[in-house]
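Q: One structure follows; several queries about it will come next.
What follows draws every value from the coordinates through simple rules; no lab data is involved. Everything quoted here is computed from the prediction, not taken from an experiment. Here Cβ is always computed from backbone atoms with ideal geometry, including for glycine, and neighbour counts include all displayed protein chains.
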Amino acid sequence: MFRATLLTLFPAMFPGPLGQSLAGDALARGLWACETRDIREHGLGKHRAVDDTPAGGGFGMVMRADVLAASLDAAAAADDARPKLVMSPRGAPFTQRQAREWAAGPGLVILCPRFEGVDERVIAGRGLIEVSIGDYVLSGGEIAALAILDACVRLIPGVMGKEESGHEESFETGLLEYPQYTRPREWEGRAIPDILLSGDHAKIAKWRRAEAERITRERRPDLALDLPRP
Ligand code: ADE
């Protein structure tokens, strides 16, 4: 079973939205597990401090390596095969490929930092993988961890039914998705493209491919590098 362990100062943020809908149903069906660990339990002193001022000076606070290591060690035994992630805007960009790989594994241990970041030494000391969900700064790692878990959980065998199954969706084909329509045939003067109502499946597939390529070229030229020129 895919086991997620979240290390956070805000355990109440989990499972949060992952307790609903597809991921929530899968959680209730025992297809994955979501465990939280409060980093504060390993905090130091009367105030259970988890952070301190940055060495060398500067603004903000840095989460302590000793506190984070104690929390990680309590959460995952030495023989735990799960990748250990730390959410960070400077991490490697999270991708659909990465989601597929992690979804096929035993689960994830995810450290969700607050404040300015974590002491660099715990990253090497515990073999943490720094992961970013995009080029913007969140106020903490929790929402990034939720995004990563959502992308992984839906790929766990048995979570998505045939209905939701995403073989043609964005990124799975290397392209952004083609436009979709449903009834009514005309809405506010806008009609469904005739070809989709033609019943000619070969022509429809060709149209969809062309539309996916057009949208990918327009919106994500970085993904469209290998596409033939129109
Ligand atoms: N923490 C703050 N911003 C983040 C981001 N963009 N990705 C992952 N973790 C973060």
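Q: Go through (1) under 15 Å from the mean Cα position of the chain (by Cα); (2) without any contact (Cβ under 8 Å) to a residue 60 or more places away in the chain; (3) surrounded by 14 or more Cβ atoms within 10 Å (Cβ to Cβ) one by one and return the number of the condition Asp38 breaks.
A: Result: Asp38 passes all but (1).
Q: Does Glu101 satisfy being closer than 25 Å to Glu172 by Cβ, among the acidic types (Asp, Glu) and more than 8 Å from the ligand (Cβ to nearest atom)?
A: yes
Q: Please verify whether Gly117 is more than 16 Å from Ala147 (Cβ to Cβ), buried (at least 17 other Cβ atoms within 10 Å of the Cβ) and more than 14 Å from the chain's Cα centre (by Cα), treating the condition exactly as stated.
A: Yes, satisfied.
Q: If Thr182 passes every condition in (1) over 19 Å from the mean Cα position of the chain (by Cα); (2) surrounded by 13 or more Cβ atoms within 10 Å (Cβ to Cβ) but one, which one does it miss?
A: Exception for Thr182: condition (2).
Q: Given the structure, is Ile129 closer than 18 Å to Ala103 by Cβ, over 12 Å from the mean Cα position of the chain (by Cα), surrounded by fewer than 20 Cβ atoms within 10 Å (Cβ to Cβ) and within 13 Å of the ligand (Cβ to nearest atom)?
A: So Ile129 passes the test.
Q: Which residues, counting only those in the stretch 136-150, are near the ligand (Cβ under 7 Å from one of its atoms) and not small (Gly, Ala, Ser)?
A: Tyr136, Val137, Leu138
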